[in-house]
Amino acid sequence: MSMQPIKRALAAVALLGLALPAFAETRVSDAWVRASVPHQQSTGAFMTLTASTDSKLVGVASSVAKTVQVHEMTMNGDVMGMREVKAVDLPAGKPVKLDPNGYHVMLMGLNQQVKEGEQVPLSLTIEDANGTQETVQVQAGVRALNAEAGQDHAHMH
């Protein structure tokens, strides 16, 4: 049997695939949540988001927290602050990192302690340029409190 018809069929399928970006797809990688201590009210969630088309992160929800907001770390002179942002732009194909030093997700009003090794469900709402929304479900692994301390505080001997 000749390989030609199969190759032709595969080419057709590939072309069809390219012609059908029916809805935006957002990939989430390296999602994690910082472990909390007993009675701690809030913690942070971090991840990298890559949208297939120009989109924005417009909301996050989680069953472990009463309130979930996206915050941005701000530096005003040498004073570090945080402010809530309503949306984070996700340019097409460009990985956007949510990390402790920039944009990040705050889980506030925790229902219980978040312990290392657990999984925290996050529900992300992504809106594309046409206003179409998709919900991306993420399981974020919980890492130790000092997960970031290694590189963060290296300059403070």
TODO: Would you confirm whether any residue within the stretch 86-109 is exposed (fewer than 13 other Cβ atoms within 10 Å of the Cβ) and under 20 Å from residue 40 (Cα atoms)?
DONE: yes
- [ ] Within the stretch 53-70, track down each residue that is within 22 Å of residue 129 (Cα to Cα) and within 14 Å of the chain's Cα centre (by Cα).
- [x] 55, 56, 57, 58, 59, 60, 61, 69, 70
Task: Matching residues in the stretch 99-115 - criterion: being in contact with a Ser or Thr (Cβ under 7 Å, 6 or more places away or on another chain) and of a type in the set (A, V, I, L, M, F, W, C) - done: 106, 107, 108, 110, 114
Task: Selected residue [at pLDDT 90 or above, assigned to a strand (DSSP E or B) and in contact with a Phe, Trp or Tyr (Cβ under 9 Å, 6 or more places away or on another chain)] from 49, 57 - done: 57
TODO: Would you check if there is a residue in the stretch 2-25 being within 18 Å of the chain's Cα centre (by Cα), open to solvent by 90 Å² or more (accessible area, probe 1.4 Å) and at pLDDT 90 or above?
DONE: no
- [ ] Scan the stretch 61-70 for residues that are assigned to a strand (DSSP E or B), among the β-branched types (Val, Ile, Thr) and open to solvent by less than 20 Å² (accessible area, probe 1.4 Å) and jot them down.
- [x] 70
Open item on the list: Condition check: modelled with pLDDT under 95 and open to solvent by 20 Å² or more (accessible area, probe 1.4 Å). Does residue 34 satisfy that?
Closed with: no
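The values are calculated or read from the model by the stated rules, or taken from the named source; none is laboratory data. Values in this document were obtained by computation on a predicted structure and should not be read as measured data. All Cβ positions, glycine included, derive from the backbone under ideal geometry; neighbour counts span all protein chains shown. Side chains are part of the model used for accessible areas, which takes the heavy atoms of the whole protein and leaves out ligands, DNA and RNA. Shrake-Rupley method; radii C 1.70, N 1.55, O 1.52, S 1.80 Å.
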